[in-house]
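Enquirer: Handing you this structure, nothing more for now.
The values are calculated or read from the model by the stated rules, or taken from the named source; none is laboratory data. All values derive from a computational prediction rather than experimental measurement. Heads up, the Cβs are rebuilt from the backbone with ideal geometry, glycines too, and the neighbour counts pull from every protein chain shown.
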Amino acid sequence: MRTWLLATALVWGLLASAAVHAQRPPLTTPATGVITTEVARSFDRSAPEALELWAPRTVLGYGEVDLNYGKIHLTCGSDPALGRCPTRDTGEPSSRSTIPVQFRDQRSGQRIDVNVTGWLERVEWQRYCSVDYWDHQEYPLWTSFNSDCLIPPGGTAAALVVQAEDLHNLVAGRWLAELHLDLRIDPDGPVIATHVFKFDLTITDRDRVMIYLPEFGLAPPLVGLQLDYRPVPYPATIGGTTVLDMCLYDGMGSQSEYLGITARDMGPAAPGRPDTQYSVWHRDGGRDPHDRVDYQLTLAHNGQRIALRNNDEVLLRGIDTAELRLVMLPDMNQWVYCVPTPLTLDTPRVLAADKREGYYEGRLTLEMRLPTTRL
């Protein structure tokens, strides 16, 4: 007797659970007019997050069969920038669908397509062919096709998501986009509603921040001072100028409030040398003035030439309005924009007789500091 009571309770529990699971979706009248959804998000490229626009089985319409809500579908408009997909019912059978949407970087104007993934599911009005009213087949967004099961379906639900792997196509910056989807019931009928999704995504790229030297890539840069010997007029002199191509990538789409640049001479101390100068030293050694050649650094930014003093930080402002340059950074497969800041190494002319003949070398480091407040 006790065993029979326990078994009955278990069966009743299972039946009750199945009944709850098999409940109809709520009666839903399709929205009309323009429905706008704002999608604002910030994340780093190293950890992109999926954007769920409509959770799976978001009911678009559900009611009596003669309302034809089982034929609801979504199409794109005529402007491809607002989503590229069919503009009319295609009648396609099962599959998921992808819609390329054009994202534009507010700072640079760069445009990159990102796919939005979506699908439809039909809902039965009478539970003839399912245990839970749902046709588990997935259909493209732009089809009125459905599988009749004795009677047509009573409604339609949708899912819409931007997958994390698709967002990885976007580089650092603030990206804006719009997706417009027209809801239709009758394949040849009017648009019932337009769903507008407005994207505002701020993406950082902290792992890629760098002082980029295009000529050298990831290799340690070896820069010649381009010294030339001039015997005329007498006495003979040496001196020269070289320009190092340089571009600053802040990992924030060149929207930093400022960038701090510091140059450091890593060679031996040179007593009496001005802090505006750096030095290369004779390869055979020696620490006297005739064993070194001094040079100066200037950086070009926003139409200005800025002198770099040894160990002093210079703040470069106007990064968000500076000229930009499109580059492919090492180990990246996406083009990005950086701020060009060519560096000039200028060796003032000195008497050749005051310097030893031979090779000179030195070490210079450049450091970039970003604001502590990040986007």
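Enquirer: Across the range 307-324, which residue is surrounded by the most Cβ atoms within 10 Å (Cβ to Cβ) among those that are at pLDDT 95 or above and over 20 Å from PRO371 (Cβ atoms)?
Expert: Here the residue is ASN310.
Enquirer: Please give the number of the condition ASP66 fails out of (1) in contact with a helix residue (DSSP H, G or I) (Cβ under 8 Å, 6 or more places away or on another chain); (2) farther than 22 Å from ARG174 by Cβ.
Expert: Of the numbered conditions (1) in contact with a helix residue (DSSP H, G or I) (Cβ under 8 Å, 6 or more places away or on another chain); (2) farther than 22 Å from ARG174 by Cβ, the odd one out for ASP66 is (1).
Enquirer: Looking only at the range 121-177, which residues are under 21 Å from THR202 (Cβ atoms) and in contact with a Phe, Trp or Tyr (Cβ under 7 Å, 6 or more places away or on another chain)?
Expert: LEU170, TRP175, LEU176, ALA177
Enquirer: Please determine, by comparing only the residues of the range 66-85 that are of a type in the set (A, V, I, L, M) and under 23 Å from ASP105 (Cβ atoms), which one is modelled with the lowest pLDDT.
Expert: To start, the set of residues in the range 66-85 that are of a type in the set (A, V, I, L, M) comprises 67, 72, 74, 81-82.
Next cut, under 23 Å from ASP105 (Cβ atoms) only: 81-82.
Details: ALA81: 94, LEU82: 97.
Result: ALA81.
Enquirer: Next question. Among the candidates LEU218, LEU183, which residue alone is among the aliphatic types (A, V, I, L, M) and modelled with pLDDT under 95?
Expert: Selected residue: LEU218, the only one of LEU218, LEU183 that is among the aliphatic types (A, V, I, L, M) and modelled with pLDDT under 95.
The rows are residues; the columns are (1) in the same structural domain as ASP132 (by TED's automatic domain parsing); (2) in contact with a Cys (Cβ under 9 Å, 6 or more places away or on another chain); (3) crowded, with 19+ Cβ neighbours inside 10 Å.
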| site | (1), (2), (3) |
| --- | --- |
| GLY33 | yes, no, no |
| THR36 | yes, no, no |
| ASP44 | yes, no, no |
| PRO48 | yes, no, yes |
| LEU60 | yes, no, yes |
| HIS73 | yes, no, yes |
| ARG84 | yes, yes, no |
| ARG88 | yes, no, no |
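Enquirer: Examine the range 248-258 for a residue that is more than 30 Å from VAL39 (Cβ to Cβ), buried (at least 16 other Cβ atoms within 10 Å of the Cβ) and of a type in the set (D, E, K, R), and state whether such a residue exists.
Expert: no
Enquirer: Just need a number here: residues in the range 290-306 that are in contact (Cβ under 8 Å) with a residue 40 or more places away in the chain and either among the acidic types (Asp, Glu) or surrounded by fewer than 16 Cβ atoms within 10 Å (Cβ to Cβ) (or both).
Expert: From the range 290-306, those in contact (Cβ under 8 Å) with a residue 40 or more places away in the chain are 290-301; that's our starting set.
Filter once more, so that each one left must be either among the acidic types (Asp, Glu) or surrounded by fewer than 16 Cβ atoms within 10 Å (Cβ to Cβ) (or both): 290-291, 294, 300.
Counting residues in the range 290-306 that are in contact (Cβ under 8 Å) with a residue 40 or more places away in the chain and either among the acidic types (Asp, Glu) or surrounded by fewer than 16 Cβ atoms within 10 Å (Cβ to Cβ) (or both) gives 4.
Enquirer: Looking at the range 217-268, which of the residues that are under 35 Å from the mean Cα position of the chain (by Cα) and among the charged types (D, E, K, R) is nearest to GLY358 (Cα to Cα)?
Expert: ARG264
Enquirer: Further, regarding this structure: If you check every pair at least six apart or on different chains, which have Cβ atoms under 7 Å apart with a residue in the range 138-161 that is surrounded by fewer than 17 Cβ atoms within 10 Å (Cβ to Cβ) first and a residue that is modelled with pLDDT of 95 or more and of a type in the set (Asp, Glu) second?
Expert: Qualifying pairs under 7 Å: GLU138/GLU121.
Enquirer: Does LEU222 satisfy being closer than 30 Å to LEU366 by Cα and not hydroxyl-bearing (Ser, Thr, Tyr)?
Expert: yes
Enquirer: Answer yes or no as to whether VAL171 is outside any loop (DSSP other than H, G, I, E, B), among the hydrophobic types (A, V, I, L, M, F, W, C) and in the same structural domain as THR28 (by TED's automatic domain parsing). Break it down stepwise before answering.
Expert: Details: outside any loop (DSSP other than H, G, I, E, B): no; among the hydrophobic types (A, V, I, L, M, F, W, C): yes; in the same structural domain as THR28 (by TED's automatic domain parsing): yes.
No: the conditions fail for VAL171.
Enquirer: Something else: Could you list, in sequence order, all residues of the range 225-281 that are aliphatic (A, V, I, L, M), in contact with an Asp or Glu (Cβ under 8 Å, 6 or more places away or on another chain) and more than 20 Å from PRO348 (Cα to Cα)?
Expert: Listed by number, the residues that qualify are MET252, LEU259, ILE261.
Enquirer: Scanning the range 207-247 for residues that are in a loop (DSSP other than H, G, I, E, B) and touching a Pro at 6+ places or on another chain (Cβ under 7 Å), which turns out surrounded by the most Cβ atoms within 10 Å (Cβ to Cβ)? If you could, list the steps in order and put the result at the bottom.
Expert: Within the range 207-247, the first condition is being in a loop (DSSP other than H, G, I, E, B), and the residues that meet it are 209, 213-227, 231-236, 245-246.
Next cut, touching a Pro at 6+ places or on another chain (Cβ under 7 Å) only: 213, 217-218, 245-246.
Working: LEU213: 18, GLY217: 12, LEU218: 10, ASP245: 14, MET246: 21.
Per the criteria, the residue is MET246.
Enquirer: Do we find that ASP354 is out of contact with any strand residue (DSSP E or B) (no Cβ under 8 Å at 6 or more places or on another chain), modelled with pLDDT of 95 or more, surrounded by fewer than 17 Cβ atoms within 10 Å (Cβ to Cβ) and of a type outside the set (Val, Ile, Thr) in this structure?
Expert: So ASP354 fits the description; yes.
Enquirer: Quick one: in the range 55-108, which of the residues that are in a strand (DSSP E or B) and β-branched (Val, Ile, Thr) is farthest from the chain's Cα centre (by Cα)?
Expert: So the first thing to find is which residues in the range 55-108 are in a strand (DSSP E or B), and the list is 55-62, 73-75, 97-105.
Now narrow it down to the ones that are β-branched (Val, Ile, Thr): 58-59, 75, 98-99, 101.
On the way: THR58: 28, VAL59: 32, THR75: 27, THR98: 19, ILE99: 18, VAL101: 14 Å.
Selected residue: VAL59.
Enquirer: Taking the stated definitions as given, is ASP312 under 23 Å from ALA219 (Cα atoms) and assigned by TED's automatic domain parsing to the domain that holds PRO231?
Expert: Numbers: under 23 Å from ALA219 (Cα atoms): no; assigned by TED's automatic domain parsing to the domain that holds PRO231: yes.
No; evaluated as a whole, the condition is false for this residue.
Enquirer: Now, a different point. Please give the number of the condition THR262 fails out of (1) of a type outside the set (Lys, Arg); (2) closer than 20 Å to ASN310 by Cα; (3) touching a Leu at 6+ places or on another chain (Cβ under 7 Å).
Expert: With respect to (1) of a type outside the set (Lys, Arg); (2) closer than 20 Å to ASN310 by Cα; (3) touching a Leu at 6+ places or on another chain (Cβ under 7 Å), THR262 is out only on (3).
Enquirer: Now, a different point. Please count how many residues of the range 109-162 are part of a strand (DSSP E or B) and either not aliphatic (A, V, I, L, M) or not assigned by TED's automatic domain parsing to the domain that holds ASN68 (or both). Walk me through it before giving the result.
Expert: At the first step, the residues of the range 109-162 found to be part of a strand (DSSP E or B) are 111-123, 134, 139, 149, 151, 155-162.
Subset that is either not aliphatic (A, V, I, L, M) or not assigned by TED's automatic domain parsing to the domain that holds ASN68 (or both): 111, 113, 115, 117-119, 121-122, 134, 139, 149, 155-156.
Total meeting the criteria: 13.
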